[in-house]
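In what follows, a single structure is set out as structure tokens and then discussed.
Bear in mind these aren't lab numbers, they're just calculated from the coordinates by the rules spelled out. Note that the structure is predicted; figures quoted are calculated from it, not measured. Positions of Cβ are backbone-derived with ideal geometry, glycine not excepted, and every protein chain shown enters the neighbour counts.
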Amino acid sequence: MRKIVATLIAGLFATSVFAQTTPATETKADAKAAKEVAQADAKHEKQVAKADAKVAKANAEAKKDVAEAKADAAKTKAKADKKHAEKKADAKADKAEAKAEQAADHADAKADKMTATATK
């Protein structure tokens, strides 16, 4: 019976030595794998952030271009409105001047007619 107990105890110690070495290796492998996964995740996050930054920059530039185009359009429209108002004012002044000339001509004609009738 002593031999059986001694064999069992020796087997137990032998198994425990092998059992301790294997998990240590697995732990290192797990740690290495976890580290690689963490690095891959960090790299992925960095690439995603970089891509998002590019998109945001492109959107900002596009918005800036749109804003500049709108400002240019507003400036051009203001110039066109100003020119239109000036031409309209000139036309109105010309019309008033023509009307005044016509009235003056009519008055002159009337005065000439009265003078002609008065001299007869």
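Figure the gain on full extension for residue 112 and residue 40 (residue separation times 0.36 nm, minus the Cα-Cα span) and round it to one decimal in nm.
The residue 112-residue 40 span can extend by a further 15.4 nm.
Stretched out fully, how many nm does the piece from residue 76 to residue 98 gain, at 0.36 nm a residue minus the Cα gap?
That pair, residue 76 and residue 98, stretches by 4.7 nm at full extension.
Treat each spin label as a single point 7 Å out from the Cα along the C-beta direction, and report the residue 90 to residue 1 distance in nm.
13.0
Say each of residue 83 and residue 33 gets a label point 7 Å from the Cα, pointing the same way as Cα to Cβ; how far apart are those two points in nm?
7.5
Compute the long axis of helix 2-119 from its Cα atoms, compare it with the longest principal axis of the Cα atoms of the chain, and write down the angle in degrees, 0 to 90, nearest 10.
Its long axis makes an angle of about 0 degrees.
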